[in-house]
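Working notes, structure below.
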Amino acid sequence: MKHNLERLIKQKVPFNSELLKAELGFMYVSSMLNGNQQHFFKAYGITPQQYNVLRILRGQFPNPANINLIKERMIDRMSDASRIVDRLVKLDYVTKQPNSIDKRNADVMITEKALIKLKLIDDKMRENKGLLSNLSIDELNQLNLLIDRILDFI
């Protein structure tokens, strides 16, 4: 169990800092999670970023959201929310209408088609044995507490 990161990145010498090891470990796990997500969502014809936007819009439903709200709530803040929304419009997963009060902004609303797709994805995610599935509930709780503690500084 010990030295898994070193084994996976084929590092022969121990890390000289637990902090460095933890940061590189997060990077490694993040990369694996991202790869798994790309593969998982590809089967549904969407990207993880599109899924994130659809979840945000589902949380707003039945109220519309605007691009700024979507940007503020996205996990990947480097994503181009406007372009993602435009792609989702083409897939008929969202509608985009000019805002009646602020013409520079648009109201974005999730469609019934997308709500059905999200339900299907949610059901499959519950069945999916992901990277974290080998952790117990107590270990997941501990991991979530540690992540929350790290995020306290943001």
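The values are calculated or read from the model by the stated rules, or taken from the named source; none is laboratory data. These numbers were taken from a predicted model, which means no experiment stands behind them. Cβ placement follows ideal geometry from the backbone for every residue including glycine, while neighbour counts extend to all protein chains displayed. When the accessible area is computed, the model is the full protein with side chains, heavy atoms only, and any ligands, DNA or RNA have been set aside. Shrake-Rupley method; radii C 1.70, N 1.55, O 1.52, S 1.80 Å.
Worth pointing out:
- Spatially, region 79-148 and region 1-25 are offset by 33 Å when compared through their Cα centroids.
- Sorting 90-98, 27-35, 52-60 by their mean Cβ neighbour count within 10 Å, with the most densely packed peptide first, gives 52-60, 90-98, 27-35.
- Förster radius 22 Å - calculated FRET efficiency between Arg77 and Ser100, Cβ distance, rounded to 0.05: 0.20
- Excluding same-chain neighbours fewer than eight residues apart, the aspartates and glutamates reachable from Lys96 by a Cα-Cα span under 16 Å are Asp80, Asp86, Asp107, Glu112.
- Dimensionless Rg ratio for region 75-135, taking C-alpha atoms and the 2.2 N^0.38 Å reference: 1.50
- Structure note, pairs Lys71/Lys117; Lys2/Lys71; Lys90/Lys124: Cα-Cα distances above 30 angstrom occur for Lys2/Lys71.
- Between 0 and 90°, nearest 10: helix 137-151 axis offset from the chain longest Cα axis: 80 degrees
- Among (i) 15.3, 56; (ii) 19.1, 62; (iii) 22.5, 90, the entry derived from the coordinates for Rg and Dmax of the Cα atoms in Å: (ii)
- The stretch between Ile137 and Asn34, if pulled fully straight at 0.36 nm per residue, gains 34.9 nm over its current Cα-Cα span.
- The charge dipole of the chain, taken about its Cα centre with unit charges on the Cβ of Lys, Arg, Asp and Glu (plus for the first two, minus for the last two), comes to roughly 500 debye.
- Accessible area per residue in Å² at 1.4 Å probe, computed on the chain: 74 Å²
- Cβ-derived FRET efficiency at R0 22 Å, Asp86 paired with Ile147, nearest 0.05: 0.10
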